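Here the structure comes first, spelled out in structure tokens, and everything after it is commentary.
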Amino acid sequence: MKKGKVTIIGAGFVGSTSAFALMQSSVVNEIVIIDVNKNKAEGDALDMSHGVPFMKPIKITAGEYPDSAESEIVIIAAGANQKPDETRIDLLKRNASIFKSIIEQLTKYITHETTILVVTNPVDILSYLTYKLSGFPPARIIGSGTVLDTARFRFSLAEHVGIDARNIHAYIIGEHGDTEVAVWSKTTVGQIPMDNYCAKCNCCGGLQKYEIYKDVKNAAYKIIQKKGATYYAVALAVKRIVECLMRDENSILTVSSLLSGQYGIDDVYISVPVVVGKEGVTKVLELDLSGDELKALRYSADTLKKYIAEVME
């Protein structure tokens, strides 16, 4: 295994922007870009390589699946886009077919010491599918999950109260999608519960929970409507996850991982706070959720299981 080597499968908006974000990090030494459109992958690699003189040395190439060998991390950002009038399950089945081909080829060249990071949506279901198809330990299969949703939540809360987002502590858990859950019971400004802060700060007119949650949940739809796709913030979320893995940070992130009884949920990939280090997901944290939050999280898991059952048929 080569220290600092990352392979990215899929040179679309998310894959190429993630490569650009990673080339500027201090933890990646080599990036291989693989795409069915070889010209696009080669063009991206050449374009980024021309910027290497402005930063620390890094090798960026376009390649084939054999070139993924010895990667510390493989990022899967490939997949089909939803067609007009196409149902979610139809899109799922198309992407499941694409993933079967990717995993079949990929696992010929990487070992169980490689961590696979799934970014393609619907990320929870495709992470579970990758786990089942690859035979890799579940700790080594990670979905980007609600890492970005959590960042959006913290940003919205920071805007609401006028405090640096780095001092807002909050999580979005559950599905990366319509059934995601805002953990209001654990949301704080500094160490002050959000409800208490907004009641006393005279700065925000009171905590508008539904409006903030709705804006977070629908953020991607709004961006897609305006520009066609989301990719800048996604790429930064990918960069953050890669840093945690490469540096063995043991940081807490809401990536999508396999639950095995935690929160009363089993055999599904879903986002809750977990510890992420060089071995992948090393520990699942069980928050003391409110009754409504726990109910919503379990509903989210049941929703994902229903879609998984349809895809796995």
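Annotations for the structure displayed:
- All positions within segment 84-103 that are touching a helix residue (DSSP H, G or I) at 6+ places or on another chain (Cβ under 8 Å) and modelled with pLDDT of 95 or more: ILE103
- Qualifying positions in segment 51-71 - outside any helix (DSSP H, G or I) and among the charged types (D, E, K, R): LYS56, LYS59, GLU64, GLU70
- Qualifying residue in segment 226-235 (condition: surrounded by 14 or more Cβ atoms within 10 Å (Cβ to Cβ) and among the charged types (D, E, K, R)): no
- Qualifying position, being outside any loop (DSSP other than H, G, I, E, B), in contact (Cβ under 8 Å) with a residue 24 or more places away in the chain and within 19 Å of ARG247 (Cα to Cα), among VAL6, VAL14: VAL6
- Screening VAL183 against (1) at pLDDT below 95; (2) aliphatic (A, V, I, L, M); (3) closer than 30 Å to GLN208 by Cα leaves a single unmet condition, (1).
- Single unsatisfied condition, TYR307 versus (1) closer than 27 Å to LYS100 by Cα; (2) surrounded by 14 or more Cβ atoms within 10 Å (Cβ to Cβ); (3) over 16 Å from the mean Cα position of the chain (by Cα); (4) without any contact (Cβ under 8 Å) to a residue 40 or more places away in the chain: (4)
- Helices (runs of 4 or more DSSP H) completely within segment 140-235 that count 3 or more residues being under 29 Å from GLY15 (Cβ atoms) and assigned by TED's automatic domain parsing to the domain that holds LEU294: 147-161, 209-217, 219-227
- Any chance VAL118 is at pLDDT below 95 and either of a type in the set (Gly, Ala, Ser) or crowded, with 22+ Cβ neighbours inside 10 Å (or both): no
- Check on ALA158, small (Gly, Ala, Ser), over 30 Å from LYS305 (Cβ atoms) and touching a strand residue (DSSP E or B) at 6+ places or on another chain (Cβ under 6 Å): yes
- Evaluation of VAL274 against (1) within 17 Å of the chain's Cα centre (by Cα); (2) surrounded by fewer than 22 Cβ atoms within 10 Å (Cβ to Cβ) (one fails), failing number: (2)
- Only one of the numbered conditions (1) assigned to a helix (DSSP H, G or I); (2) hydrophobic (A, V, I, L, M, F, W, C); (3) touching a strand residue (DSSP E or B) at 6+ places or on another chain (Cβ under 7 Å) is violated by ILE110, and that is (1).
The values are calculated or read from the model by the stated rules, or taken from the named source; none is laboratory data. Quantities reported herein were computed from a predicted structural model and do not represent experimental measurements. Quick reminder, even Gly has a Cβ in these numbers, built from the backbone with ideal geometry, and neighbours come from all protein chains shown.
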